[in-house]
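Novice: Sharing a structure with you now.
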Amino acid sequence: QFPVYFWLANLVVVPLSTLALYTGVAALAFSWVPFLSYLAFQSHFWSIWFMNEFTIRVHQLPEALINGIDISYAQAWLLYGLMLLIILFLAYKQLRYFALATVVVAALATQEIQEISAQRNQRNLVVYNMRNATALSFVQGQQGAVLSDQPLAPQNFTFNIQPYLWHKGVPQATQYTFADTAIPGISHTMLPDSNSLLVWQGKRVLVLSKRPKMQPKQDFEVDYLLLSQNARVKPEELQAFRFKQLVLDASNAPWYLQRLKPQLAEVGIAFYDVTEQGALVVEL
C-alpha cells in the first residue's frame, strides 16, 4: 500500500513527534516540580492527541491510500535503480543517466504487461491456513471468490487472504459462506448430512465438517476431500470415498490432528496438513 498524502502528514507529524518526545522527557525530569510537571504533561498529552487526530483526518481524505500494490524482487531492484539514475541525472545533468532511466521504465512496463497478461489467464484454488476457520478462494482471471464456514472478520481476511489475492491481481474478492446456496461460477450443494460438495472448473471438493451419513456411489470421485471442524470421521470410513488428495485444514484442533494423522498413516491414506505445510495452492 502507498499513503498518497504522506508529504502532508509529515509536515505536521514530524515536528509534533519531536515536541512530544521533548515534553515527555521534561515531564519525567520535572515530575517533582508541581507547576512545571503539570505544564509538561499537558503539552505532552495535547501534542500526541493533535498528532493522532491530524493523522486520522489525513487518512480519511479521498484516495488517501492506494492498496494492492504488488512487485517482484526484480521490479524492486529496477525501482531502486530508477531512483538512483534519476538522482544521478539531476546531480550531473548527463543525458546517459536519463537514457538508462528510460530503459528501466521500459523494462518495468514490459514486466507489468506480461504479469497482467498471465493473470488474465490464471485459474487457481487455495485452501488457506486460517486458525479455527475453513476458507477457500477460487480465482479465475482477475476475479475471485472466497468461501468460508463463517463470516470472516475484516482483520482475518486482510491478514490471511487479501495479500495473496492482490499478488494474483484480484483487487477485490466477493465473500460467501457455506450457508449461501447461490455462488456465481461455483456449483455448491449442501448434502443432507450438512456437508458440502463444491464443483468449480471441473474440480470437485467435498468438505466434511460432520460425520458423513451417506454412502458414496462406487463411481463417485472427488478431487479433494477436505476434513474440517474436527469432523468425527474414522480413517476406515474415508476409504469408502474415492479422492485424489485428503486435506486437513486449520479449523481442526491440534489434538484432533495429532490423534488423526497416525491413524491415517496406519491405513495408508496420504494427507496434506495446511497447519504444517502452509496453504494448499492448486494451479489449473
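Novice: Cβ-Cβ below 8 Å, separation at least six or inter-chain, first residue in the stretch 127-141 and within 14 Å of W200 (Cα to Cα), second aromatic (F, W, Y): which pairs?
Specialist: V127/Y224; L136/Y128; S137/Y128; S137/Y164; F138/W200
Novice: I've got another one for you. It is to be established whether one or more residues within the stretch 221-236 are crowded, with 19+ Cβ neighbours inside 10 Å and closer than 30 Å to I69 by Cβ.
Specialist: There is no residue in the stretch 221-236 that is crowded, with 19+ Cβ neighbours inside 10 Å and closer than 30 Å to I69 by Cβ.
Novice: When you scan the stretch 132-149, how many residues do you find that are surrounded by fewer than 20 Cβ atoms within 10 Å (Cβ to Cβ) and out of contact with any Ser or Thr (no Cβ under 8 Å at 6 or more places or on another chain)?
Specialist: 4
Novice: State the number of residues belonging to the stretch 248-262 that are part of a helix (DSSP H, G or I) and closer than 11 Å to A231 by Cα.
Specialist: Of all residues in the stretch 248-262, those part of a helix (DSSP H, G or I) come to 254-262.
If we keep only those that are closer than 11 Å to A231 by Cα too, we end up with 256-257, 260.
Residues that pass the stated criteria total 3.
Novice: Check off (1) closer than 20 Å to F2 by Cα; (2) open to solvent by 70 Å² or more (accessible area, probe 1.4 Å); (3) among the charged types (D, E, K, R) for K93 and give me the number that stays unchecked.
Specialist: (1)
Novice: Another question about this same structure. Quick one: would you say A179 is open to solvent by less than 60 Å² (accessible area, probe 1.4 Å) and assigned to a loop (DSSP other than H, G, I, E, B)?
Specialist: On the way: open to solvent by less than 60 Å² (accessible area, probe 1.4 Å): no; assigned to a loop (DSSP other than H, G, I, E, B): yes.
Spelling it out, it is not the case that A179 is open to solvent by less than 60 Å² (accessible area, probe 1.4 Å) and assigned to a loop (DSSP other than H, G, I, E, B).
Novice: Name the pairs: first residue in the stretch 31-46 and over 17 Å from P15 (Cβ atoms), second residue modelled with pLDDT of 90 or more and exposed (fewer than 14 other Cβ atoms within 10 Å of the Cβ), Cβ to Cβ under 7 Å, at least 6 apart or on different chains?
Specialist: From residues that are over 17 Å from P15 (Cβ atoms), the pairs are S37/S31.
Novice: Only residues in the stretch 235-247 that are under 19 Å from K213 (Cα atoms) count as the first member; pair them with residues that are among the acidic types (D, E) and part of a strand (DSSP E or B), Cβ under 6 angstrom, at least 6 apart or cross-chain, and list the lot.
Specialist: The qualifying pairs are R242/E221.
Novice: Can you name the residue in the stretch 113-126 that is over 19 Å from F157 (Cα atoms) and in contact (Cβ under 8 Å) with a residue 12 or more places away in the chain and is also most open to solvent (accessible area, probe 1.4 Å) among such residues?
Specialist: Kept after step one, since they are over 19 Å from F157 (Cα atoms), are these residues of the stretch 113-126: 113-123.
Remaining after also requiring in contact (Cβ under 8 Å) with a residue 12 or more places away in the chain: 115-116, 119-123.
Details: E115: 50, I116: 55, Q119: 18, R120: 162, N121: 123, Q122: 21, R123: 84 Å².
Only one residue fits best here, namely R120.
Novice: Looking at the stretch 24-68, which of its residues are among the small types (G, A, S), within 30 Å of P3 (Cβ to Cβ) and in a helix (DSSP H, G or I)? Before you say what the answer is, go through the steps one by one.
Specialist: Residues of the stretch 24-68 among the small types (G, A, S): 24, 26-27, 29, 31, 37, 40, 43, 47, 64, 68.
Still in the list and also within 30 Å of P3 (Cβ to Cβ): 24, 43, 47, 64, 68.
Hits for the stretch 24-68 are G24, S43, S47.
Novice: OK, next. State whether the residues of the stretch 209-217 include one that is within 27 Å of the chain's Cα centre (by Cα) and either without any contact (Cβ under 8 Å) to a residue 60 or more places away in the chain or open to solvent by 70 Å² or more (accessible area, probe 1.4 Å) (or both).
Specialist: Looking only at the stretch 209-217, we keep the residues that are within 27 Å of the chain's Cα centre (by Cα), and these are 209.
Okay, now just the ones that are also either without any contact (Cβ under 8 Å) to a residue 60 or more places away in the chain or open to solvent by 70 Å² or more (accessible area, probe 1.4 Å) (or both), so none.
Scanning the stretch 209-217, I find no residue that is within 27 Å of the chain's Cα centre (by Cα) and either without any contact (Cβ under 8 Å) to a residue 60 or more places away in the chain or open to solvent by 70 Å² or more (accessible area, probe 1.4 Å) (or both), so the answer is no.
The values are calculated or read from the model by the stated rules, or taken from the named source; none is laboratory data. Given the structure is predicted, the values throughout are model-derived calculations rather than measurements. Quick reminder, even Gly has a Cβ in these numbers, built from the backbone with ideal geometry, and neighbours come from all protein chains shown. Only protein heavy atoms, including side chains, enter the accessible area calculation; ligands, DNA and RNA are left aside. Shrake-Rupley method; radii C 1.70, N 1.55, O 1.52, S 1.80 Å.
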